[in-house]
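The structure appears right after this line, and notes come after that.
The values are calculated or read from the model by the stated rules, or taken from the named source; none is laboratory data. Note that the structure is a prediction, hence the values are computed from the model and not measured. Neighbour counts are summed over all protein chains in view; Cβ atoms, including those assigned to glycine, are modelled from backbone coordinates with ideal geometry.
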Amino acid sequence: MSSIFIKELNSFFSSIVGYVAILVFLVACGLFLWVLPEYSILDYGYATLDKFFDIAPMLLLLLIPAITMRSFADEFKGGTIEWLSTKPLTDLDIILGKYFASLVLVVFALLPTFIYKYTIGNLAVAHTHLDTGGIAGSYIGLFFLAATFTAIGTFCSSLTSNQIVSFLIALFACFILYSGFEALSNIPAFAGGLDYYLSMIGMSFHYASVSRGVVDLRDMVYFLSIITLFITLTRFSLNSRTWDTAK
């Protein structure tokens with residue numbers, strides 16, 4: 001697994017794609033938080049990063065599919081997946097190597113956003129204390145959300161040899177799992193109890209729960225279950241494509 005992990009990281013940072021994806025994410029964060037009036041922290045009037053954690057999932061919806069779209073699509077298009085299958089590596093080694101490499105790149109993109117806490121702390125009125133627990137919980141929630149999006153994107157990349165198609169499928173799947181069930185729960189026909197359970201299926205419910213600063217084991221189990229599900233689906237997809245190629 002480590003050889004695939006290192007290979008993928010080298011591939012990301014030896015091309016312009018990884019840098020462009022990270023740059024676009026950080027520029028978008030900066031524009032939303034400091035320039036656009038609707039989301040600007042400066043216009044909000046409170047020393048909090050709530051605005052950042054509100055828009056970050058939407059920005060990750062674009063960043064992560066852009067990072068993961070080439071994970072397996074490139075291997076299928078270039079025919080190197082057969083070469084990988086001849087190496088002393090299991091399918092799970094290959095999948096996890098690619099998954100963790102993509103996740104590291106996402107974390108690398110999130111690291112510069114820690115400066116926002118320092119900036120807000122310096123802009124706040126003297127003797128005003130930031131909600132450090134809430135910020136820490138929000139970053140934990142954002143990490144698990146990013147890890148889940150990465151698992152979904154990796155699976156979507158295993159479905160096609162076209163990077164653009166992989167990007168669009170991953171974007172749609174992440175959006176549905178994040179916001180789709182929440183939107184369904186708002187339909188009046190589901191009011192009266194079912195709306196609550198529908199919203200619980202979606203990732204936004206659990207992300208919002210962790211973002212309040214309370215790290216609930218149930219939310220962690222939810223995210224880990226979704227990650228495990230899509231890693232398993234990726235393994236099935238890879239096995240089926242390899243079997244079809246062998247035939």
- Note on the structure: Cβ pairs under 9 Å, 6+ apart or interchain, first in the stretch 202-218 and over 16 Å from E182 (Cβ atoms) and at pLDDT below 85, second surrounded by fewer than 22 Cβ atoms within 10 Å (Cβ to Cβ) and of a type in the set (A, V, I, L, M), ordered by first then second residue, are G213/I135; G213/A136; V215/A136; V215/I140
- Please work out if V215 is within 22 Å of S138 (Cβ to Cβ) and part of a helix (DSSP H, G or I). no
- Working carefully through the options I81, I4, find the one that is buried (at least 17 other Cβ atoms within 10 Å of the Cβ), of a type outside the set (G, A, S) and at pLDDT 75 or above. I4
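Could you say which residue among S199, S237 is under 27 Å from I81 (Cβ atoms), over 18 Å from the mean Cα position of the chain (by Cα), crowded, with 17+ Cβ neighbours inside 10 Å and modelled with pLDDT under 90?
So the residue among S199, S237 that is under 27 Å from I81 (Cβ atoms), over 18 Å from the mean Cα position of the chain (by Cα), crowded, with 17+ Cβ neighbours inside 10 Å and modelled with pLDDT under 90 is S237.
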- Taking I140 as the residue in question, decide whether it is crowded, with 19+ Cβ neighbours inside 10 Å and touching a helix residue (DSSP H, G or I) at 6+ places or on another chain (Cβ under 9 Å). no
- Query: Right, K98: surrounded by 12 or more Cβ atoms within 10 Å (Cβ to Cβ), over 15 Å from the mean Cα position of the chain (by Cα), within 30 Å of R235 (Cα to Cα) and among the basic types (K, R) or not?
  - Reply: no
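Of the residues F25, F32, which single one is surrounded by 15 or more Cβ atoms within 10 Å (Cβ to Cβ), in a helix (DSSP H, G or I), without any contact (Cβ under 8 Å) to a residue 60 or more places away in the chain and not small (G, A, S)? Step through it out loud before you land on a result.
Working: F25 fails: without any contact (Cβ under 8 Å) to a residue 60 or more places away in the chain.
On inspection, the qualifying residue turns out to be F32.
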- Message: Restricting to the stretch 1-22, give me the number of residues that are part of a helix (DSSP H, G or I) and either within 19 Å of A56 (Cβ to Cβ) or not aromatic (F, W, Y) (or both).
- Response: 15
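Would you mind finding the one in L92, L26 that is under 29 Å from S240 (Cβ atoms) and either modelled with pLDDT of 85 or more or touching a strand residue (DSSP E or B) at 6+ places or on another chain (Cβ under 7 Å) (or both)? Spell out the reasoning first.
On the way: L26 fails: under 29 Å from S240 (Cβ atoms).
Criteria check complete, one pass: L92.
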